Amino acid sequence: MRAVFVDANAALRSLAERIGPRDAPGLDVAFGDADIVPEALPAALGGAAIAVIDHTALPIEVARRCAGLRHVVFLGTGARSYMDPDALATLGIAVHIIKGYGDTAVAECAIGLLFAAARGFAAMDGAMRDGRWLRQEGTQLSGKTLGLVGFGGIGAETARLARGIGMRVLAWNRAPKTQAGVEFVTIERLLAESDAVSMHLLLDGETRGFLSRDRIAAMRRGAILVNTARGALVDEAAMVEALRSGQLAHAGLDVFDVEPLPPAHVLTTLANVTLSAHSGFRTPEANERLIEAAFAHCRRIAGAPA
């Protein structure tokens, strides 16, 4: 069976070339261009039954032109940011996602952005590169309260790390959860009591815009917001207003409504925002687990022995 990794960057392609033959010997694996555009997908796939996709959108009108395509293996959990799995299913195309591969990597990114926001590292770094000696007062995180909105694998890892630096951890989740050292509360209480709020929800029809204007207004004034999940979970315009007014002291963002973030986007003009290029899950360890899981999906689809 033929599979095409349509948008493999150099690091992921190197891993796939090493792992693919070892882990899925029954597959013919080809590679596309890391910067491929959706309109080029039908030609890149060339009738392949499996598309492995890292970051490229697959609109339904493009999928209709992908003759022979029956499976999409999406490298991560956020497939709905790039395609409509329900619409693809009507064409006979199944979307497979990969969970858990980068829980620690993304949690470390969330904590890193939290530290950067609390201590103003980006602003001081930029000033010193400009020849200015900017000294500013930061926020000590030990003893503060971190609110986790969503509590899957990444949320649980973030809680573990936050407790390790002496933070009190509150959490809200759509389904009931328990974990030692974490207090599960209503979303209203979490927003009101948290010195920092970190987003860890999957994006779907229920969670799009979850952190709305009203919920941002309900947060503790001067709180920090961290988002390593999906940009569309947060009302971006309301967040910008809150950053300008001081309702939010700082935002540490790894994800955005539109990616890549357009040049001169309003978020790049705000001093109290720390920006990261959707790279929270990009570590060698997470990448290897990701590619191994992707080829396990491909092997299962092809009917190869487990």
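Of everything listed in (1) in the same structural domain as residue 143 (by TED's automatic domain parsing); (2) assigned to a helix (DSSP H, G or I), the single unmet condition for residue 209 is (2).
Residue-level check: of (1) on the phi > 0 side of the Ramachandran plot; (2) buried (at least 21 other Cβ atoms within 10 Å of the Cβ), residue 230 misses just (1).
When residue 222 is tested against the conditions (1) at negative phi; (2) in contact with a strand residue (DSSP E or B) (Cβ under 6 Å, 6 or more places away or on another chain), the lone failure is (1).
Residue count for the range 109-145 under the criterion of being buried (at least 19 other Cβ atoms within 10 Å of the Cβ) and assigned to a helix (DSSP H, G or I): the result is 10. Residues that are in a loop (DSSP other than H, G, I, E, B) and free of Cβ contacts under 8 Å to residues at least 60 places away in the same chain within the range 71-84 comprise 82, 83, 84, listed in sequence order. For the range 160-193, how many residues are in a loop (DSSP other than H, G, I, E, B) and either under 22 Å from residue 115 (Cα atoms) or touching a Gly at 6+ places or on another chain (Cβ under 7 Å) (or both)? The qualifying residues number 5. Restricting 153, 147, 143, 126 to those that are in contact (Cβ under 8 Å) with a residue 12 or more places away in the chain and over 25 Å from the mean Cα position of the chain (by Cα) reduces the list to 143. If you filter the range 35-64 down to residues that are part of a loop (DSSP other than H, G, I, E, B) and in contact with an Asp or Glu (Cβ under 9 Å, 6 or more places away or on another chain), you find that the one that is farthest from residue 295 (Cα to Cα) is 59.
The values are calculated or read from the model by the stated rules, or taken from the named source; none is laboratory data. Since the model is a prediction, treat every value here as computed from it, not as a measurement. Note that each Cβ is placed from the backbone with ideal geometry, even for glycine, and that neighbours are counted across all protein chains shown.
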